[in-house]
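Below is one structure, written out as structure tokens, with a few remarks after it.
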Amino acid sequence: MVPKSPKKLDDNIAVWAEFNEIGRKYGCLSLGEGAPGYQPPKFLRDHMIEAIDDGHNQYCRTFGHPLLIEKIASCFGPKFKRNIDP
């Protein structure tokens, strides 16, 4: 008789639970979730409505929008004194 494996958590859920815990610990801003806990400022809501009206209403790829990750890399590369490949 083959012994049963212990119940395994869904890795997709487990990894996000871990990321959320780490984010809370260090006060991180998650760019991967679409549910902010606050009302965005009016200027941002206006730009969001304009973007939606222009047809930009889908989630981007998992690794982030190329322009955003390039900007993040160019900002944080010098702070960490290294080249970050977006």
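Residue by residue, here is whether (1) modelled with pLDDT of 80 or more; (2) over 20 Å from the mean Cα position of the chain (by Cα); (3) outside any helix (DSSP H, G or I) holds:
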position	(1), (2), (3)
14	no, no, no
52	yes, no, no
55	yes, yes, yes
59	no, no, yes
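Scanning region 18-37 for residues that are at pLDDT 85 or above, part of a helix (DSSP H, G or I) and of a type outside the set (Val, Ile, Thr) returns 21, 23, 24, 25, 26. Answer yes or no as to whether residue 68 is in a helix (DSSP H, G or I), touching a residue at least 24 places away in the same chain (Cβ under 8 Å) and closer than 25 Å to residue 85 by Cα. Yes, satisfied.
The values are calculated or read from the model by the stated rules, or taken from the named source; none is laboratory data. As the structure is a computational prediction, the values presented were derived from the model and not from experiment. Every residue, glycine as well, gets a Cβ built from its backbone with ideal geometry; the counts of neighbours run over all protein chains shown.
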